[in-house]
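Below: one structure, written as structure tokens.
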Amino acid sequence: MDSAARPYRSVLYIPGSKGRALEKARDLAADAIIFDLEDAVAPEEKPAARALLREVLASTDFGPRARIVRVNGLDTPWGADDIAAFAGTDIDALLIPKVSSAADVQAVAGRIAGLPLWAMMETALGMLNAAEIAAHPRLCGMVMGTNDLAKELGSRFRADRLPLIAGLGLCLLAAKAHGLTIVDGVYNAFKDEEGLRAECAQGRDMGFDGKTLIHPAQLAIANAAFAPSEAELDLARRQIAAFDAAMTAGQGVAVVDGKIVENLHIVTARQVLAKAGAIAALNAN
């Protein structure tokens with residue numbers, strides 16, 4: 001599937017050291033999987049996890065799911081070997097942790113050719129430098145690391161995420177300005193379905209493409225939240241039909257449900273239908 005059209009509603013973290021979890025991941029209803037060699041793997045397990053993950057990715061068909069590997073940072077004993085291990089492999093992206101500047105992206109880009117790069121946005125400096133990071137020519141996606149960001153800020157948990165909104169917004173603006181995929185941070189209380197549903201709705205309303213998840217039980221809620229609803233699809237179709245009729249009649253605008261519909265609304269309507277089509281194609285596989 002074309003990466004530009006690929007849905008990223010649900011992006012599930014899987015520890016790279018857990019063979020059974022890696023095997024199960026191929027049957028999960030996730031749009032993408034982040035195979036994690038960083039936070040989810042203990043220091044003494046990292047070399048073995050790297051070898052296991054490389055073997056699994058080479059021998060396992062994960063279907064239409066995007067395969068993203070989160071490596072350790074270059075400032076750790078494992079980062080350089082992680083990057084080297086996945087050079088030339090058939091994965092969809094390499095995820096760089098704790099990106100604070102475009103130089104962090106370039107340091108990895110200089111070590112691995114061709115492979116799309118994604119950036120974990122989880123530091124205060126990263127928030128302030130989001131625009132320059134997003135402008136790096138090798139960068140294709142951003143992932144919000146809200147736990148690490150909250151830790152660095154010393155902020156308290158709030159259901160409305162008010163302490164994090166400035167950082168979320170800066171990264172969202174940067175990603176959209178440069179045509180990148182951007183997915184929201186995790187929701188830690190994986191048994192709290194209502195809380196997850198509310199946070200997914202907030203992220204979707206802000207403009208995020210999807211949400212990172214820590215447990216398979218969260219997949220269905222994220223997939224529903226970040227997909228166009230039947231009401232949105234119906235409105236998009238009616239807007240396009242009304243606008244086409246108005247154009248045929250020599251008029252520049254149409255009216256649907258008492259609201260003006262201009263060309264900019266049609267661009268959005270076509271994007272909604274295209275996203276629904278991409279999701280249907282993903283599900284068909």
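If Lys and Arg each add +1 and Asp and Glu each add -1, what is the summed charge of the other residues whose beta carbon sits under 13 Å from the beta carbon of Asp27? Before the final figure, lay out the partial values.
Details: positive: Arg20, Lys24, Arg26, Arg65; negative: Glu23, Asp61.
That sum, taken over residues with Cβ under 13 Å, equals +2.
Hey, which aspartates and glutamates would be in cross-link range of Lys98, C-alpha to C-alpha under 14 Å, not counting anything within fewer than 8 residues on its own chain?
The qualifying aspartates and glutamates are Asp36, Glu38, Asp39, Asp75, Glu122, Asp148, Glu152.
Of the chymotrypsin sites (Phe, Trp or Tyr not before Pro) in the range 114-207, which ones lie in a loop per DSSP and count no more than 10 other C-beta atoms within 10 Å? List each step's numbers first, then the result.
Values: sites: Trp118, Phe157, Tyr187, Phe190; in loops: Phe157, Tyr187, Phe190.
Passing sites in the range 114-207 are Phe157.
Express in whole angstrom the spacing between the alpha-carbon centres of the range 249-285 and the range 1-79.
Computed from Cα coordinates, the inter-centre distance equals 35 Å.
Angle between the Cα long axis of helix 193-206 and the longest principal axis of the chain, 0 to 90 degrees, nearest 10?
Its long axis makes an angle of about 70 degrees.
Relative to the longest principal Cα axis of the chain, at what angle does helix 263-284 sit, 0 to 90 degrees, rounded to 10?
50
Sequence gap at least 6, Cα distance under 8 Å: using those rules, report the relative contact order of the range 230-284 to the nearest whole percent.
Numbers: 43 pairs, mean separation 20.2, N = 55.
Relative contact order of the range 230-284: 37 percent.
Under the rule that an exposed site lies in a DSSP loop and has at most 14 other Cβ atoms within 10 Å, name the longest stretch of the chain with no trypsin sites (Lys or Arg not before Pro) of that kind, not counting the sites themselves. Write down the numbers at each step before the final one.
Numbers: sites that count: Arg26, Arg111, Arg156, Arg158, Lys191.
The longest such stretch corresponds to 192-285.
Below 12 angstrom from the Cβ of Met120, what's the summed charge of the other residues (Lys, Arg +1; Asp, Glu -1)? Please report the intermediate quantities before stating the final value.
Working: positive: Arg70, Lys98; negative: Asp36, Glu38, Asp39, Asp104, Glu122, Asp148.
Net charge in that neighbourhood comes out at -4.
Which three lengths, in whole Å and largest first, does the chain cover when its Cα atoms are put on their principal axes?
If we take the Cα atoms of the chain, the spans are 68, 40, 39 Å.
Hey, what's the Cα Rg ratio for the range 1-111 versus the globular rule of thumb, 2.2 N^0.38 Å?
Details: Rg = 13.5 Å, N = 111, 2.2 N^0.38 = 13.2 Å.
After normalising by residue count via 2.2 N^0.38 Å, the value is 1.03.
Which of Lys18/Lys191; Lys151/Lys211; Lys18/Lys211; Lys24/Lys151; Lys151/Lys176 have a Cα-Cα distance over 29 Å? Walk me through the numbers before you get to the answer.
Details: Lys18/Lys191 22 Å; Lys151/Lys211 19 Å; Lys18/Lys211 22 Å; Lys24/Lys151 31 Å; Lys151/Lys176 26 Å.
Listed pairs above 29 Å: Lys24/Lys151.
So for Ser155, Ser17, fewest C-beta neighbours within 10 Å to most, what's the order?
Listed from fewest to most nearby Cβ atoms, that is Ser155, Ser17.
By how many nm would the segment from Val253 to Glu45 grow when fully extended, if each residue of separation counts as 0.36 nm and the alpha-carbon distance is taken off?
Working: separation 208, 0.36 × 208 = 74.88 nm, distance 6.12 nm.
This chain segment gains 68.8 nm when fully extended.
What's the local net charge at Asp244, with K and R +1, D and E -1, over the other residues with C-beta under 14 Å away?
Working: positive: Arg237, Arg238, Arg270; negative: Glu262.
Computed value for this residue: +2.
Between Ala201 and Asp90, how high is the FRET efficiency from 1/(1 + (r/R0)^6) when r is the Cβ-Cβ distance and R₀ = 35 Å? Nearest 0.05. List each step's numbers first, then the result.
On the way: r = 35 Å, r/R0 = 1.00.
The computed FRET efficiency comes out at 0.50.
Mind listing the long-range amide H neighbours of Met120? Cut-off is under 5 Å, sequence gap 5 or more, other chains count too, H placed in the peptide plane at 1.01 Å from N.
Sorted by chain and number, the residues that satisfy this are Ile96, Lys98, Val99, Val143.
Just the number, please: percent antiparallel of the DSSP beta bridges in the chain, rounded to the nearest 5. If you can, show how the numbers build up before the last one.
Values: 3 of 32 bridges.
For the chain, the DSSP antiparallel bridge percentage is about 10.
Every number here is computed from the coordinates shown, using simple stated rules; none is lab data. Everything numeric here is computed off the predicted structure, so don't read it as measured data. Because the Cβ atoms are built from the backbone with ideal geometry, glycine has one as well, and the counts that use them run over all protein chains shown.
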